[in-house]
Amino acid sequence: GRKLGYTFNHRNLHNVSLGQGQEVVAEQALDVAAKEGHWVILQNIHLVAKWLSSLEKRLEQLSQGSHRDFRVFLSAEPAPCPESHIIPQGILQNSIKITSEAPTGIHANLHKALDNFSQDTLEMCSQEKEFRSILFALCYFHAVVAERRKFGPQGWNRPYPFSTGDLTISVNVLYNYLQASSKVPYDDLRYLVGEIMYGGHITDDWDRRLCRTYLEEFIKPEMLEGELCLAPGFPLPGNMDYNGYHQYIDDALPPESPYLYGLHPNAEIGFLTQRSERLLRTVLELQPRDSSTGQGAGGTQEEMVQTLLEEMLEKLPDEFNMAELLARVEERTPYAVVALQECERMNALTAEMRRSLAELELGLKGELTMTSEMETLQNSLFFGTMPESWVRRSYPSMASLGSWFADLLARSSELEAWTRDFSLPSTLWLGGFFNPQALLTAIMQSTARKNRWPLDRMALQCDVTKKSREDFASAPREGAYVHGLFMEGARWDAQAGTITEARLKELTPAMPVVFIRAIPDDKQDTRGLYPCPLYKTRQRGPTYVWTFNLKTKENPSKWVLAGVALLLQV
């Protein structure tokens, strides 16, 4: 066994971990095992994609004339996407398939986190009470951060590979600190766990804030006084033995719900809706597209696409005449510059749309040879998705093609109204900009010029009014009124003037008009405020725009855990 380079034990088991040239070792193990009736385990076959066709042929040969006790076990990581499915069909068809899926739900995840330890672990620290309490809190923290990803961007802006190794190392750090000090160093523990052990995976600043907030809520002096609840209705348990903790989870943990993560129940509605939409989209894409199908439901694919593109070409707005607009601008104020930039971006998008649609129309009529680009556009129009060439010139959007096109026409109308005389509209549709950051920067630039303040020492103040768009007749003297914002994870109480709990089934309630003005940095008052991130879409992450400070009577940590954010599109 040693000469061949594989592991062999008294149970006649050959265990080969593939990768780094281990294919020859695996073939030798297969030959020996086939003759002697041994078992072979080939681990990580996803790492040797080029060798898998040879493995398929070898297994086919060994299926004839081998020892009756000969068995082969293969293991592989799940493929991240359909394009990465590399295991040959012959191997899959001749195998018994078993999948090992990660636990789902807080209950299973908390049990699994606790399974990494034992009664011996609980007894190894001299400060037993403190060690056990913080260890259980860390297990709950691990379960929450691992399972929260199912809520999509409202859970984490980006998915992270948190593992049991992060938890076990954090507990080792906890043990070392408690052994070395008579006092519990809460700040040090939160920093090491939140910024290094788990925070080492995190690349988004808002996700880092979320991780830090969880630890501030779970690991604090109150935990040793019996006053800490890890979730509503789930107090941190007292001093128990190992089996007692498992029993406590079964007896005391409330049923699975977003409340266990600090989220509102609407978060579950949102992620289940998106999952259903993905499923229906996949089913739609599997439907046959032959010209013989769908005659009774609007005609063939080509006829449906032809009708749609003719309608889009007819409604597509004319391009802005940039030379005429430049001549019309009396003074190139920051606002005028933003308007001109938006017109240029709109022209680039509509020009590409007009070109590609006209090209496809000729292709469908037989006057041009259909190219792969034209076929891709045809399929996008048929399935109601955004063509790639349009996406590159467009603004971020999660809408279907029909909704996106209606939104595009509305944006063009707003721009057209603004550029008639370049006077600032009474309220601006912030979500209607390709680059909303440019408008917010223009507000600061205008105020800085007027008051001769340094631009790098200014900030935006966000005051939520009690009025809607129709209630404003003119723009303010300084700053701007903006509309078209939505809140996810909570709602705005217009009467009280604060963030408050969301209503069930109202996923993204609209905000009143918001007054945004620039003030010097040192005039900011951050007391009783929640720093709320503003995103372009529900995708969050890369669509971040700005941070608005919103008034709250609750502790801001509540809204951090609830994933509260402002959105420009829903």
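The values are calculated or read from the model by the stated rules, or taken from the named source; none is laboratory data. All of these numbers come straight from a predicted model, not from anything done at the bench. Glycine gets a Cβ as well: all are built from the backbone with ideal geometry, and neighbour counts include every protein chain shown. Remember, those area values only see protein heavy atoms, side chains included, never the ligands or the DNA or RNA. Shrake-Rupley method; radii C 1.70, N 1.55, O 1.52, S 1.80 Å.
What to note about this one:
- Of all residues in segment 111-122, those that are free of Cβ contacts under 8 Å to residues at least 40 places away in the same chain and either under 28 Å from residue 507 (Cβ atoms) or not in a helix (DSSP H, G or I) (or both) total 1.
- Breaking point among (1) outside any helix (DSSP H, G or I); (2) at pLDDT below 95; (3) farther than 24 Å from residue 397 by Cβ, for residue 522: (1)
- Residue count for segment 17-48 satisfying the condition of being modelled with pLDDT under 85, open to solvent by less than 60 Å² (accessible area, probe 1.4 Å) and hydrophobic (A, V, I, L, M, F, W, C): 1.
- Filtered residues of segment 160-193 (kept if among the aromatic types (Phe, Trp, Tyr), over 26 Å from the mean Cα position of the chain (by Cα) and either modelled with pLDDT under 90 or open to solvent by 50 Å² or more (accessible area, probe 1.4 Å) (or both)): 175, 177
- Counted residues, segment 79-110 - those being in a loop (DSSP other than H, G, I, E, B) and either under 29 Å from residue 262 (Cβ atoms) or without any contact (Cβ under 8 Å) to a residue 24 or more places away in the chain (or both): 13
- Test: residue in segment 387-405 that is more than 30 Å from residue 481 (Cβ to Cβ), touching a residue at least 24 places away in the same chain (Cβ under 8 Å), buried (at least 19 other Cβ atoms within 10 Å of the Cβ) and of a type in the set (S, T, N, Q): no
- Residue 508 in contact with an Asp or Glu (Cβ under 6 Å, 6 or more places away or on another chain), part of a loop (DSSP other than H, G, I, E, B) and not aliphatic (A, V, I, L, M): yes
- Matching helices (runs of 4 or more DSSP H) fully within segment 375-482 where at least 3 residues are β-branched (Val, Ile, Thr): 436-451
- Leading residue by the ranking (farthest from residue 420 (Cα to Cα)) among those in segment 330-374 that are touching a residue at least 24 places away in the same chain (Cβ under 8 Å) and in a loop (DSSP other than H, G, I, E, B): 333
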